[in-house]
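Heads up, the thing below is written out as structure tokens.
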């Protein structure tokens, strides 16, 4: 790096070179981006933020931009949410979403977080004064108890009120801090003292009056004056410009005439076209007659006042019927008949009416859709469906032309409601069965409790069960308790003749199998099954029979008939 570069700039250049040479893809070129509402990093392809649960649809995005304002409320679900307008806060108070203990900030709090009950201008919509917390109404400006203004902090007392009637605020220390901050802010905004203008340097001595025969031209005089302003030392020296102008002598006559006409002709042309008396005089000099002025237009016929009132009534009726084209035509007819141009403003207002109604209609529908989205996110599906049902067929068709399908939104909300009800029902059933199993364990009935836990595992989804209990560990613990409580099995009875005979036949079959006499070994094993009861059979008798059969078939398949000697 060059030595003349600052140290911090060299560091930034080296960091930029390192990041460019690493070859890694920057975060802003990846598949994730911050949520436009809460700022959490999420996938770019998602339709709804998993953190703040806000939709990325065009309607919700546009609505969020139109209601953005400079008031903020602390939302645990979306701590970094956008600001809203004051009117939106009032609507949230009416719906119960903003309460006295809600935390807000805005212009009247100097963007400091505080309770809504302490917020100037907002607290009175909650029915209290922000200073003394006495009862107040939204239309009040001053508190009837502490006599302070409720729209600012610190609040000014009511004009004309005696000082002894002004009460101290509830939080006196905080109020005094606000007063100090206000005084400090007022002190920093005072205008600085005026800076006196610099004293001009003393004028130089006037130059001596030149002789009449050597009077310089205007250009030379201006140059000499400019040289005189540079200082006394320059003024004392002889001016070569003045001397050269004196040597040139007087200007030529033909040059004076040309300069005069070049200056005079444009002036005459301007006077001829823009000053009528001068133009008429010039035309009379050259014998050009001026045409007489046109006769004044005929005065408009006097219109009956009753006719005007009737036509205005027709225009009002057309405006109420929202036939603005007819209303404009009627008013134009009135202007044409009466010449009253003051009605032009009403025509402009009527032309703006369709656009204003369109915007109002769009804002109303957007608010309804946003409200339905909010209700659905809070699992208030009936309220969301009620909001959507209030949208008529005409509005639904109009929204569908803008790719907003209200019917599909209703189907989605109903499906979500069904799923939510199902999950809630499963939750209730699971809670009841878990309570039953816990009661059985408390009653020292581990076998019955194990049966209930096994039924829970076979009935409900693993994710739902895992949110309440570790089912596998519980079942294993119950099985251990049952095994510990079960007495050991009784010792086997002494062997009798049948058991001894079965053992002898099994040993004989094993010897034949070693000699690869699989047919005879198989016959011995089948004889055990035929002669003796199943309780005397050796363990895995069926498996032994299948194995011997397989070996016998293998020998037959490969053509080995003679057994080993």
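Looking only at region 69-103, which residues are assigned to a strand (DSSP E or B) and under 18 Å from the mean Cα position of the chain (by Cα)? Please lay out each step first, then the result.
Step one: of region 69-103, the residues assigned to a strand (DSSP E or B) are 69-73, 84, 103.
Result: 69, 70, 71, 72, 73, 84.
Give the residue, chosen from 117, 134, 156, that is free of Cβ contacts under 8 Å to residues at least 12 places away in the same chain and within 19 Å of residue 172 (Cα to Cα).
Criteria check complete, one pass: 156.
Quick check, is residue 64 under 33 Å from the mean Cα position of the chain (by Cα) and either at pLDDT 90 or above or exposed (fewer than 15 other Cβ atoms within 10 Å of the Cβ) (or both)?
no
In region 63-82, how many residues are within 16 Å of residue 112 (Cβ to Cβ) and touching a helix residue (DSSP H, G or I) at 6+ places or on another chain (Cβ under 8 Å)?
3
Of these, 376, 342, which one is assigned to a helix (DSSP H, G or I) and more than 41 Å from the chain's Cα centre (by Cα)?
Exactly one residue qualifies, and that residue is 342.
What are the residues in region 401-440 that are farther than 30 Å from residue 469 by Cα and modelled with pLDDT under 90, if any?
401, 402, 403, 404
For region 361-368, does any single residue satisfy the condition of being out of contact with any strand residue (DSSP E or B) (no Cβ under 8 Å at 6 or more places or on another chain), assigned to a helix (DSSP H, G or I) and over 26 Å from residue 52 (Cα atoms)?
Yes: region 361-368 contains one or more residues that are out of contact with any strand residue (DSSP E or B) (no Cβ under 8 Å at 6 or more places or on another chain), assigned to a helix (DSSP H, G or I) and over 26 Å from residue 52 (Cα atoms).
What residue, among those in region 37-55 that are in a loop (DSSP other than H, G, I, E, B) and modelled with pLDDT of 85 or more, is nearest to residue 362 (Cα to Cα)?
47
Just give me the residues in region 484-499 being surrounded by 11 or more Cβ atoms within 10 Å (Cβ to Cβ) and at pLDDT 80 or above, in sequence order. Give the derivation first.
The first filter runs over region 484-499 and keeps only residues surrounded by 11 or more Cβ atoms within 10 Å (Cβ to Cβ), leaving 495, 498-499.
Matches in region 484-499: 498, 499.
Here's the yes/no breakdown for (1) surrounded by fewer than 14 Cβ atoms within 10 Å (Cβ to Cβ); (2) at positive phi; (3) in contact with a helix residue (DSSP H, G or I) (Cβ under 6 Å, 6 or more places away or on another chain):
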{"site": "322", "(1), (2), (3)": "yes, yes, no"}
{"site": "325", "(1), (2), (3)": "yes, no, no"}
{"site": "329", "(1), (2), (3)": "no, no, no"}
{"site": "335", "(1), (2), (3)": "no, no, yes"}
{"site": "338", "(1), (2), (3)": "no, no, no"}
{"site": "341", "(1), (2), (3)": "yes, no, no"}
{"site": "345", "(1), (2), (3)": "yes, no, no"}
{"site": "352", "(1), (2), (3)": "yes, no, no"}
{"site": "356", "(1), (2), (3)": "yes, no, no"}
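Taking the stated definitions as given, is residue 150 modelled with pLDDT of 85 or more and surrounded by 16 or more Cβ atoms within 10 Å (Cβ to Cβ)?
yes
Test residue 101 against the criterion of being closer than 25 Å to residue 145 by Cα and loosely packed, with under 15 Cβ neighbours inside 10 Å, and give yes or no. Even if it seems obvious, please write down each step before you answer.
Details: closer than 25 Å to residue 145 by Cα: yes; loosely packed, with under 15 Cβ neighbours inside 10 Å: yes.
The answer is yes for residue 101.
Listed here are the residues, each with its yes/no results for (1) under 30 Å from residue 391 (Cβ atoms); (2) modelled with pLDDT under 85; (3) not assigned by TED's automatic domain parsing to the domain that holds residue 393.
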residue: 309; (1), (2), (3): no, no, no
residue: 313; (1), (2), (3): no, no, no
residue: 319; (1), (2), (3): yes, no, no
residue: 331; (1), (2), (3): no, no, no
residue: 334; (1), (2), (3): no, no, no
residue: 340; (1), (2), (3): no, yes, no
residue: 352; (1), (2), (3): yes, no, no
residue: 363; (1), (2), (3): yes, no, no
residue: 368; (1), (2), (3): yes, no, no
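Which residues, counting only those in region 146-165, are closer than 19 Å to residue 121 by Cα and out of contact with any helix residue (DSSP H, G or I) (no Cβ under 8 Å at 6 or more places or on another chain)?
146, 148, 149, 155, 156, 158, 159
The values are calculated or read from the model by the stated rules, or taken from the named source; none is laboratory data. Only a predicted model underlies this, so the values are computations on that prediction, with no experimental measurement involved. A quick note on method: Cβ atoms are made from the backbone with ideal geometry, for glycine too, and the neighbour counts reach across all protein chains shown.
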